[in-house]
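Here the structure is laid out as structure tokens; the discussion comes afterwards.
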Amino acid sequence: MFGYNSLFIRFQDLFNMQTTMLKAKLHRATVTHSELGYEGSCAIDGKVLDFSGIREYEQIQIYNINTGGRFTTYAIRAEEGSGIFSVNGAAARLACQGDLVIICAFATFDEKELENFKPTLVYFDEHNNVTHSSHAIPVQAA
């Protein structure tokens, strides 16, 4: 006879359970350009893309700290070392030069991959210099 745990394991194995997790977060970057006429997307300094693990053409979520707006686009590579965070195309109406944004990328993992998974969190100063990075968000205190 099978116990509850045996059935749960078999259910997971049968359906290959997946969980979507935060893969990378670029915290408090400053928008340097807002280009309505440019072909869509968000251009991000190439060194930042490499450091964070965000791939060119990967889907990203952008959260505008100034307006509270949230939108989806994809990342493209800007000049390495430039500090560029350019919101382009239709998305340029959702973020202006000088706005602070949080940019997140997500990925889907199976249970085995989650055992060792840690996101990459990158933090910026007002000039888009990396101040530090981490693999965990501090516990929020009461």
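Computed from backbone phi with θ = phi - 60° and the Karplus coefficients 6.51, -1.76 and 1.60, the 3J(HN,Hα) list for segment 115-131 is 4, 10, 6, 9, x, 9, 10, 10, 10, 10, 8, 5, 10, 6, 7, 5, 8 Hz; x is used for glycine and proline.
Between Gln140 and Ala90, the FRET efficiency estimated from the beta carbon spacing at R0 = 35 angstrom works out to 0.55.
The aspartates and glutamates within cross-link reach of Lys25, meaning a Cα-to-Cα straight distance under 16 Å and a gap of 8 or more places when in the same chain, are Asp45, Asp50, Glu56, Glu58, Asp125.
Of the chymotrypsin sites (Phe, Trp or Tyr not before Pro) found in segment 46-109, those in coil by DSSP whose Cβ has at most 16 other Cβ atoms within 10 Å are Tyr57.
Take the Cβ atoms of Glu111 and His132, set R0 to 25 Å, and the FRET efficiency comes out at 0.25.
What the Cα convex hull of segment 50-142 gives, in volume per residue, is 143 Å³. With R₀ fixed at 35 Å, the C-beta to C-beta distance from Thr19 to Lys47 puts the FRET efficiency at about 0.75. How tilted is helix 4-15 with respect to the longest principal axis of the chain? Cα atoms for both, answer in degrees (0 to 90, nearest 10). That helix lies at roughly 50 degrees to the long axis.
Read-outs throughout are calculated quantities, based only on the coordinates presented, and are distinct from any laboratory measurement. Everything numeric in this text was worked out from a predicted model, so none of it was measured. Note that each Cβ is placed from the backbone with ideal geometry, even for glycine, and that neighbours are counted across all protein chains shown.
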